[in-house]
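> The structure that follows is given in the form of structure tokens.
The values are calculated or read from the model by the stated rules, or taken from the named source; none is laboratory data. As the structure is a computational prediction, the values presented were derived from the model and not from experiment. Cβ placement follows ideal geometry from the backbone for every residue including glycine, while neighbour counts extend to all protein chains displayed. Side chains included, ligands, DNA and RNA excluded: accessible areas come from the protein's heavy atoms. Shrake-Rupley method; radii C 1.70, N 1.55, O 1.52, S 1.80 Å.
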Amino acid sequence: MANAESSVEFIPGDLAGGDAKALELDGRDFDIARIRSSNDSLFAMAYERLWDEFGQHHEMEPREVIMRRLAWHPAAAIGDCWLRYEMVLVRRNNQFVAVRDHAAVATGRPGPQAVVHLSHALVDPAWRRTGLAGWLRAWPIQTARACLAAAGLPVASPITLVAEMEHPDPQFPNRMTRLKAYEKAGFKKVQPALVKYFQPDFRTPGEIDASGGARPLPFGLIVRRVGREQEQIIRGAEVRQIVECLYRLYGASFREKDMAGLWQSLQAYPSAEAPIALVPPTR
């Protein structure tokens, strides 16, 4: 593997099983920037593209939160976890092609592993259905390895990719399209009937207080356990570990009182050894 600190690679083995179409994409003319600092000249473009798409729906954190996360580079130790946040901006001939952001959480408990939160991804309409989305789902694995290395953990440790996605509803075609794309790629959903996951309230503290408190949103957990994609069952302990990593990530930027209800929701999760089905995301 080339220098993971300065480049984004096209590693076929990192692609999800259903993303083989990505191998047909000719990315030689792409300018792929790995943004790891708010001082990067491309940060404003990358953030503004994501904010314009997701911010108005309270689906994107404010700029100051993202700037603090970028300051974690190469990895920030918080409790027993190491956190690393990155953005990837893809351009061709100086024109926007795609952007995504994601954060890796590495931990040595109960064994070395990394959980990657797939935050947001946006592809220009002209580049959709080209296979590029498959690479956007695979590149965060390189961030996980870099985070593991910065934490002093083996880069070959287990890696889990996680996306928080709204529950399926035919009345929202765009939502169903996203879910179908992840399902086709080979991602699975943690059975929502057993694990009721909540995403934090992304509104500003002022808005939250004015409305009487935080309002966490119910979401589904869409996962790809790299190298274990064929497994149809996940145990309660692993689900709890994944969610704890996500909440530690959020807790580094969100107020403790706004996270309290999320941590409390873990009490209703299945026991450590309980088997939980992994189902298609559109189910």
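> Quick one: which residue in Arg145, Arg137, Arg215, Arg175 is of a type in the set (Lys, Arg) and within 14 Å of the chain's Cα centre (by Cα)?
Unique residue meeting the criteria: Arg137.
> State whether one or more residues within segment 189-203 are touching a strand residue (DSSP E or B) at 6+ places or on another chain (Cβ under 9 Å), of a type in the set (Val, Ile, Thr) and either under 22 Å from Leu118 (Cβ atoms) or modelled with pLDDT of 95 or more (or both).
Yes, that holds for at least one residue.
Yes or no, residue by residue, for (1) open to solvent by 20 Å² or more (accessible area, probe 1.4 Å); (2) touching a helix residue (DSSP H, G or I) at 6+ places or on another chain (Cβ under 9 Å):
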| residue | (1), (2) |
| --- | --- |
| Leu217 | yes, no |
| Arg225 | no, yes |
| Val239 | no, no |
| Arg248 | yes, no |
| Phe254 | yes, yes |
| Gly261 | yes, no |
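Here is a yes/no grid of residues against (1) open to solvent by less than 20 Å² (accessible area, probe 1.4 Å); (2) at pLDDT below 95:
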site	(1), (2)
Tyr47	yes, no
Trp51	no, no
Gly55	yes, yes
Ile66	yes, no
Trp72	no, no
Trp82	no, no
Glu86	yes, no
Ala106	yes, no
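> When both residues are 6+ apart or on different chains and their Cβ atoms are under 6 Å apart, which pairs have a first residue that lies in segment 158-170 and is in contact (Cβ under 8 Å) with a residue 24 or more places away in the chain, and a second that is among the charged types (D, E, K, R) and surrounded by fewer than 19 Cβ atoms within 10 Å (Cβ to Cβ)?
Glu166/Arg175
> Please work out if Glu238 is farther than 14 Å from His117 by Cβ, assigned to a helix (DSSP H, G or I) and within 21 Å of the chain's Cα centre (by Cα).
yes
> Can you list residue pairs whose Cβ atoms sit under 7 Å apart, with the first residue in segment 125-153 being in contact (Cβ under 8 Å) with a residue 40 or more places away in the chain and the second being buried (at least 23 other Cβ atoms within 10 Å of the Cβ) and of a type in the set (Phe, Trp, Tyr)? Count only pairs 6 or more apart in sequence or on different chains.
Pairs that qualify, where the first residue is in contact (Cβ under 8 Å) with a residue 40 or more places away in the chain and the partner is buried (at least 23 other Cβ atoms within 10 Å of the Cβ) and of a type in the set (Phe, Trp, Tyr), are Cys147/Trp82; Ala150/Trp82; Ala151/Trp82.
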